[in-house]
Amino acid sequence: MPNNDWLNRSLKAVWHPCTQMKLHDTGALPLIPVARGAGAWLYDFDGRRYLDAISSWWVNLFGHANPRVNAALKEQLDQLEHVILAGFTHAPVVELSERLSALTDGVLGHCFYASDGSAAVDIALKMSHHYWRNRGKPDKRRFLCLANSYHGETLGALGVSDVGMYKEAYEPLLRQAVIVPSPDARQAETGETAVDVARRAAAGLEAVLAAHHESVAALIVEPLVQGAGGMVMYDPEYLRQARALCDRYQVHLIADEIMVGFGRTGTLFAHEQAGIRPDLLCLSKGITAGYLPLSVTLSTDEIYSAFYDDQLTRGFLHSHSYTGNVLACRAALTTLDIFAEDAVLVRNQRFAERFTELLAPLAHHPRARHFRQRGMIWAADIDSSDPNFRARFFREALQRELLLRPLGTTLYFMPPYILNDEEAILLAERAVAALNAALA
Ligand SMILES: *Cc1c(COP(=O)(O)O)cnc(C)c1O
């Protein structure tokens, strides 16, 4: 069946995420039916191809239809697909939990599973408050989040987010977190460094903690890069100071590494670049190499031990039907195998240097501001007052075989970790061509 049939049927039956559906009907925003994927490429039903330069919403790490992940899942499928995780356990979830914990040097000793990133955030918030309640401090029930932060779409996660457009309509339903300053390096005044901005934001955090710590359970942050807020980057110094302040004022530090985890910022976990560990760590997205929904909230043994008791209701009585899904855990184990066997982080570092060079025309583009890069993320703010810039750029990119979706006027690249040099050149050259066309 050709593209047109699929997209017409899709528009009649599927409510697409994060979309004003009318834009599809008017043709302002194209809808692309995907027939198959191979490596970094997606193919539609009419034989056109698109380079997936945003890793299918930040989840894909090693390309589509990856032979190793495929083989592991096929083998697992014939053994066991899923089993209840309350009262039962299975090999992939045990091995995955042991390995994730070991990757935090054992500091985060237990893993609690769900399917989506937002659920992992809700779990971390509930765990943090319940921990303080079990420790005799039930008043600690407020949360702090950074200006411009994004932690997901469920009511709990939206309450600790600061991205107006996604939140506005639901404001009356939310328990609003206290918003503290973002260490956004773009705020540097002349003569200031990113470290100075980080220190200024930390001073703002300290003022809030000094006044309110008795009612605050946790601070939640996206370490090093605030993703949905526009790929905002900041110095690790902020995380060091936040860790010290959370210790001083007895407040949990929750690291939401749903986007930045699994090598995206250059290290396996972003918080490693600050030489710290959080009390709670949320992971998802790349964890299954983009194959299956899986999220996990890791906690310290100190947090875990506060729930361990003779009394049932002091336990963490939270669950999801697909908690610890066997196939998803198996995909995650294969992701960790590929990191270990292929020296992925070393290859990414070489790739990142090369791709940054290739993006020099964007960095020096007269309409691009604040070109920035950390690990395998590149971004620049485009100087455009056209309210349709985003849709125009998206269409111009598609015409050049690129899948790129700016966040507002922020153009960013978050490719899978497998681009070859030819693909990197194609991506960099055509992205600038698409930008010029969209601005013309
Ligand atoms: C995507 C994202 C989430 C939400 O994850 P979902 O799986 O979409 O629910 C939370 N936090 C961050 C930092 C994210 O990028």
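Annotation note: of Ile338, Ile418, the sole residue that is in a helix (DSSP H, G or I) and under 24 Å from Ala65 (Cα atoms) is Ile338. In segment 155-173, of all residues being open to solvent by 30 Å² or more (accessible area, probe 1.4 Å) and free of Cβ contacts under 8 Å to residues at least 12 places away in the same chain, the one that is farthest from the ligand (Cβ to nearest atom) corresponds to Pro172. Looking only at segment 302-323, how many residues end up being in a helix (DSSP H, G or I) and free of Cβ contacts under 8 Å to residues at least 40 places away in the same chain? Here the count works out to 4. When the residues of segment 75-92 are filtered to those that are touching a Ser or Thr at 6+ places or on another chain (Cβ under 9 Å) and among the β-branched types (Val, Ile, Thr), the one that is most open to solvent (accessible area, probe 1.4 Å) is Ile84. Scanning for something of a type in the set (S, T, N, Q), touching a Gly at 6+ places or on another chain (Cβ under 9 Å), modelled with pLDDT of 95 or more and open to solvent by 60 Å² or more (accessible area, probe 1.4 Å), does segment 317-328 turn up at least one residue? The answer is no, given that none of the residues of segment 317-328 is of a type in the set (S, T, N, Q), touching a Gly at 6+ places or on another chain (Cβ under 9 Å), modelled with pLDDT of 95 or more and open to solvent by 60 Å² or more (accessible area, probe 1.4 Å). Name the single residue, out of those in segment 12-56 being assigned to a helix (DSSP H, G or I) and in contact (Cβ under 8 Å) with a residue 12 or more places away in the chain, that is most open to solvent (accessible area, probe 1.4 Å). In this case the residue turns out to be Asp25.
Of the residues making up segment 375-399, just one is of a type in the set (S, T, N, Q) and closer than 19 Å to Ala363 by Cα, namely Ser384.
Among the residues of segment 329-367, those that are surrounded by fewer than 20 Cβ atoms within 10 Å (Cβ to Cβ) and of a type in the set (Gly, Ala, Ser) comprise Ala340, Ala343, Ala352, Ala360, Ala363. Name the residues in segment 305-315 that are open to solvent by less than 90 Å² (accessible area, probe 1.4 Å) and under 23 Å from Asp247 (Cβ atoms), would you? Ser305, Ala306, Phe307 - these are the residues of segment 305-315 that are open to solvent by less than 90 Å² (accessible area, probe 1.4 Å) and under 23 Å from Asp247 (Cβ atoms).
In this entry, Val121 passes the filter for residues that are within 16 Å of the ligand (Cβ to nearest atom), closer than 27 Å to Phe339 by Cα and either in contact with a His (Cβ under 8 Å, 6 or more places away or on another chain) or in a loop (DSSP other than H, G, I, E, B) (or both).
Scanning segment 244-258 for residues that are touching a helix residue (DSSP H, G or I) at 6+ places or on another chain (Cβ under 7 Å) and either open to solvent by 20 Å² or more (accessible area, probe 1.4 Å) or of a type in the set (Phe, Trp, Tyr) (or both) gives Tyr249, Gln250.
Within segment 259-272, the set of residues being open to solvent by 20 Å² or more (accessible area, probe 1.4 Å) and either free of Cβ contacts under 8 Å to residues at least 60 places away in the same chain or not assigned by TED's automatic domain parsing to the domain that holds Val121 (or both) comprises just one member, Glu272.
Just one residue in the set Ala255, Ala242, Ala270 is in contact with a His (Cβ under 6 Å, 6 or more places away or on another chain) and hydrophobic (A, V, I, L, M, F, W, C); that residue is Ala255.
In this structure, Ser305 does not qualify as in contact with a strand residue (DSSP E or B) (Cβ under 6 Å, 6 or more places away or on another chain) and within 19 Å of Glu98 (Cα to Cα).
Among the residues of segment 174-195, those identified as touching a Gly at 6+ places or on another chain (Cβ under 7 Å) and surrounded by fewer than 19 Cβ atoms within 10 Å (Cβ to Cβ) are Leu174, Arg175, Gln176. Here Ala72 does not fit the description of being at pLDDT 95 or above, closer than 21 Å to Ser295 by Cβ, open to solvent by less than 20 Å² (accessible area, probe 1.4 Å) and within 16 Å of the ligand (Cβ to nearest atom). Of all residues in segment 239-272, those being within 16 Å of the ligand (Cβ to nearest atom) and among the hydroxyl-bearing types (Ser, Thr, Tyr) number 1.
Scanning segment 278-298 for residues that are assigned to a loop (DSSP other than H, G, I, E, B), small (Gly, Ala, Ser) and within 10 Å of the ligand (Cβ to nearest atom) gives a single hit, Ser284. Per the conditions (1) in a helix (DSSP H, G or I); (2) open to solvent by 30 Å² or more (accessible area, probe 1.4 Å); (3) more than 16 Å from the ligand (Cβ to nearest atom); (4) in contact (Cβ under 8 Å) with a residue 40 or more places away in the chain, the sole criterion not satisfied by Leu100 is (2).
Gly275 meets the stated requirement of being more than 12 Å from the ligand (Cβ to nearest atom), open to solvent by 10 Å² or more (accessible area, probe 1.4 Å) and modelled with pLDDT of 95 or more. Evaluation of Gln76 against the conditions (1) outside the structural domain of Ala379 (by TED's automatic domain parsing); (2) in a loop (DSSP other than H, G, I, E, B) shows that the sole unmet condition is (2).
The values are calculated or read from the model by the stated rules, or taken from the named source; none is laboratory data. Predicted model only: the values in this text are computed from it and were never measured. Ideal geometry is used to build each Cβ from the backbone, glycine not excepted, and the neighbour counts take in all protein chains shown. Just so you know, the surface numbers come from the protein's heavy atoms only, side chains and all, with ligands and any DNA or RNA stripped out. Shrake-Rupley method; radii C 1.70, N 1.55, O 1.52, S 1.80 Å.
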